[in-house]
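Right, one structure below, let's go through it.
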Amino acid sequence: MLSLRTHRTRAGAMLIAGVAVTMGLVGCSSSSSASGAQAGGGGSFTCPTTTSGNWSPTIPAPTATPPATSAGGAVNVVAYSVPKPAYDALSTAFKKTPAGAGVTFKSSYGPSGTQSKNVAGGQKADYVGFSVGSDLTKLVPSKVAAGWDSGPTKGLVSDSVVVIAVRKGNPKHICGWDDLIKPGVKIVTPDPATSGSAKWNVLAAYEHVLLNGGTDAQAQDYLTKFFKNVVVRASSGAVATTQFTSGTGDALISYEDEAIDARQAGQSLDYVVPAQSFLIENPAAVTKTASASAKNFLDYAESVDGQTIFAQTGFRPVVAGTNPGPVKGANDPNNPFPNPQKLATIEQLGGWSAVNDKFFSDNGIVTKIEGDS
């Protein structure tokens with residue numbers, strides 16, 4: 001098996017080496033460019049497999065010794081909507097540890113951008129977790145101390161990749177990005193104005209063209225066609241999933257963990273890991289007014305035990321030594337996190353400040369394309 005070597009840079013990105021698969025140029029990444037929709041049973045369509053190896057981060061787990069006794073009190077968690085199942089499981093497990101005995105949790109979930117604005121506006125928070133780094137850095141230094149990302153994981157508690165969820169059996173034969181812009185394909189994806197998930201999705205759609213050797217002009221042309229097939233833009237990734245599982249659209253652009261979680265919950269869908277995807281990096285931090293128990297909870301989330309829980313709920317772990325065992329709901333539960341052939345990162349695009357300015361500002365590429373679609 002291929003063991004993917006990874007490391008975090010100061011910008012918090014994961015660089016990928018050791019995956020060398022020759023890809024076609026832009027326009028040649030459709031039905032043969034994905035791993036997924038591994039649906040069994042008669043009448044189902046299975047995409048060719050083009051992923052390789054296993055996700056294998058090499059960041060050492062933090063070595064802080066957990067407290068022998070609990071500080072008690074309450075932890076107010078404010079986070080984006082998608083990881084609610086993970087945080088529910090994390091809080092339950094944490095309360096069973098010496099550090100979490102007697103601790104209570106109050107949680108608030110919603111679109112990443114909205115949640116960040118709420119905390120900035122005064123919503124009580126001890127622990128904050130967002131979809132994108134820029135939603136957290138907006139709170140520095142007023143609510144979160146500088147240096148929140150100086151630890152071994154650079155402030156990240158989970159990873160994922162962008163995938164394409166499809167109807168059971170993949171009746172539209174959607175295996176890659178080019179299949180999404182075919183006539184009659186209806187796409188569901190959140191709204192970048194409120195959702196961090198939406199930003200990851202759009203960046204993956206755009207960057208797949210560049211990863212295949214295309215130009216920015218070709219990528220913008222692709223994105224224009226992509227948005228013409230979008231039929232609904234939800235406020236968050238979780239809302240988009242609910243709309244899709246309720247019958248809207250043919251394809252849902254989503255986090256891999258969101259697709260896995262939906263299947264764990266009994267939803268009938270398949271998902272495709274496209275050959276070209278985008279590395280999703282999810283940050284978390286404690287606020288300046290955080291309780292001692294909130295700090296202990298963050299340490300737990302970054303530990304191997306905490307990372308195992310993230311992985312069991314569909315997130316890719318960020319630290320080495322995490323072995324979740326079979327992951328229910330994954331295309332291959334025994335190899336739940338295959339490596340896409342090509343994976344873009346935020347660092348490669350210059351960081352969130354540059355990305356937001358180029359794509360999501362008032363004059364950004366995505367803003368203009370959305371306005372015209």
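The values are calculated or read from the model by the stated rules, or taken from the named source; none is laboratory data. Nothing here was measured: the structure is a model prediction, and the numbers come from that model. Here the Cβ positions follow ideal geometry from the backbone for every residue, glycine too, while neighbour counts run over all protein chains shown.
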- [ ] Six or more apart or on different chains, Cβ under 8 Å: which pairs go from a residue in the range 45-61 that's in contact (Cβ under 8 Å) with a residue 60 or more places away in the chain to one that's among the basic types (Lys, Arg)? Could you list them?
- [x] 55/316; 56/5; 57/316; 58/5; 59/8
- [ ] Give the residue that is nearest to the chain's Cα centre (by Cα), with candidates limited to residues of the range 117-162 that are of a type in the set (Asp, Glu), closer than 15 Å to residue 283 by Cβ and outside any strand (DSSP E or B).
- [x] 135
TODO: Examine the range 258-272 for a residue that is charged (D, E, K, R), buried (at least 20 other Cβ atoms within 10 Å of the Cβ), in a helix (DSSP H, G or I) and touching a strand residue (DSSP E or B) at 6+ places or on another chain (Cβ under 6 Å), and state whether such a residue exists.
DONE: no
TODO: Determine whether the range 95-108 contains at least one residue that is in a loop (DSSP other than H, G, I, E, B), touching a Gly at 6+ places or on another chain (Cβ under 7 Å) and surrounded by 17 or more Cβ atoms within 10 Å (Cβ to Cβ).
DONE: yes
Open item on the list: Report every pair of residues separated by at least 6 positions or lying on different chains whose Cβ atoms are under 6 Å apart, first residue within the range 141-163 and in contact (Cβ under 8 Å) with a residue 60 or more places away in the chain, second of a type in the set (Phe, Trp, Tyr) and part of a loop (DSSP other than H, G, I, E, B).
Closed with: 155/148; 158/315; 160/315
- [ ] Would you mention how many residues in the range 210-253 are assigned to a loop (DSSP other than H, G, I, E, B) and at pLDDT 95 or above?
- [x] 10
Open item on the list: Regarding the range 190-207, can at least one residue be identified that is part of a loop (DSSP other than H, G, I, E, B) and either farther than 18 Å from residue 357 by Cα or free of Cβ contacts under 8 Å to residues at least 12 places away in the same chain (or both)?
Closed with: no
Task: Filter result (within 15 Å of the chain's Cα centre (by Cα) and assigned to a strand (DSSP E or B)) within the range 67-90 - done: 79, 80
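A quick yes/no check of all residues on (1) over 21 Å from residue 102 (Cα atoms); (2) among the polar types (S, T, N, Q):
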{"position": "259", "(1), (2)": "yes, no"}
{"position": "275", "(1), (2)": "yes, no"}
{"position": "279", "(1), (2)": "yes, no"}
{"position": "290", "(1), (2)": "no, no"}
{"position": "296", "(1), (2)": "no, yes"}
{"position": "314", "(1), (2)": "yes, no"}
Task: Selection status of residue 229, in contact (Cβ under 8 Å) with a residue 12 or more places away in the chain, of a type outside the set (Phe, Trp, Tyr) and farther than 16 Å from residue 352 by Cβ - done: yes
TODO: Restrict the check to the range 345-360 and report whether at least one residue is within 23 Å of residue 314 (Cβ to Cβ), hydrophobic (A, V, I, L, M, F, W, C) and either surrounded by fewer than 22 Cβ atoms within 10 Å (Cβ to Cβ) or at pLDDT 95 or above (or both).
DONE: yes
Open item on the list: Condition first: over 18 Å from the mean Cα position of the chain (by Cα) and at pLDDT below 95. Can you find one or more residues in the range 312-320 that meet it?
Closed with: yes
TODO: Test residue 130 against the stated conditions and say whether it is touching a Phe, Trp or Tyr at 6+ places or on another chain (Cβ under 9 Å), in contact (Cβ under 8 Å) with a residue 12 or more places away in the chain and either among the polar types (S, T, N, Q) or farther than 23 Å from residue 260 by Cβ (or both).
DONE: no
Task: Where residue 58 falls short, out of the listed (1) part of a loop (DSSP other than H, G, I, E, B); (2) in contact with a strand residue (DSSP E or B) (Cβ under 6 Å, 6 or more places away or on another chain); (3) surrounded by fewer than 21 Cβ atoms within 10 Å (Cβ to Cβ); (4) at pLDDT 95 or above - done: (4)
TODO: Among residues belonging to the range 276-321 that are touching a residue at least 60 places away in the same chain (Cβ under 8 Å) and of a type in the set (Ser, Thr, Tyr), point out the one that is surrounded by the fewest Cβ atoms within 10 Å (Cβ to Cβ).
DONE: 289
